[in-house]
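Everything on this sheet refers to the single structure shown next.
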Amino acid sequence: MSASTSLAGIRREPPAFRHVEVLRAERLTPRLASVTFAGPDLDGLVVDEPAASVRLLLPSPGVEALVVPERQGNEFLLPGGERPIIRTFIGARGRAASIR
């Protein structure tokens, strides 16, 4: 690929945000947690890739309502240009997360 070739045609669009509820969160170690998500937006979600992950978007500190960021190039930004708080969960035992 030449330097002038754009990666835009190679990268796939990120999946749509889904609203979920955290049913259970358990701290297993200082750096490891088990989290169970639920909600109707998860209907039809299939996470079967070995390296799949699920990202959880959290409200900014001091803000009660969740603001969904907009995609700006290769990242997501909030309306004021700040980066949102996103936590990534990877699977245990071949699952990306405990999703119901």
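The values are calculated or read from the model by the stated rules, or taken from the named source; none is laboratory data. If you're wondering where the values come from, they're calculated on a predicted model, not measured in any experiment. Positions of Cβ are generated from backbone atoms using ideal geometry, with glycine treated the same way; all protein chains shown enter the neighbour counts. The area values use the complete protein model at the heavy-atom level, side chains included, leaving out ligands, DNA and RNA. Shrake-Rupley method; radii C 1.70, N 1.55, O 1.52, S 1.80 Å.
Values computed for the structure shown
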| read-out | value |
| --- | --- |
| Qualifying residue in the stretch 85-96 (condition: open to solvent by 60 Å² or more (accessible area, probe 1.4 Å), of a type outside the set (G, A, S) and at pLDDT 80 or above) | yes |
| Residues that are farther than 13 Å from H19 by Cα and either touching a Gly at 6+ places or on another chain (Cβ under 7 Å) or modelled with pLDDT of 80 or more (or both), drawn from the stretch 48-65 | A52, S60, P61, G62, V63, E64 |
| Evaluation of I90 against (1) without any contact (Cβ under 8 Å) to a residue 40 or more places away in the chain; (2) more than 18 Å from R24 (Cα to Cα); (3) of a type outside the set (D, E) (one fails), failing number | (2) |
| Enumeration of residues in the stretch 31-67 that are assigned to a strand (DSSP E or B) and either out of contact with any Ser or Thr (no Cβ under 9 Å at 6 or more places or on another chain) or open to solvent by 100 Å² or more (accessible area, probe 1.4 Å) (or both) | L32, A33, A38, R55, L57, L58 |
| All positions within the stretch 66-84 that are small (G, A, S) and either touching a helix residue (DSSP H, G or I) at 6+ places or on another chain (Cβ under 8 Å) or at pLDDT 85 or above (or both) | G80, G81 |
| Meets criteria (more than 18 Å from E13 (Cβ to Cβ) and either touching a Lys or Arg at 6+ places or on another chain (Cβ under 9 Å) or at pLDDT below 85 (or both)) for L42 | yes |
| Of all residues in the stretch 8-30 being part of a strand (DSSP E or B) and touching a strand residue (DSSP E or B) at 6+ places or on another chain (Cβ under 9 Å), the one that is most open to solvent (accessible area, probe 1.4 Å) | R27 |
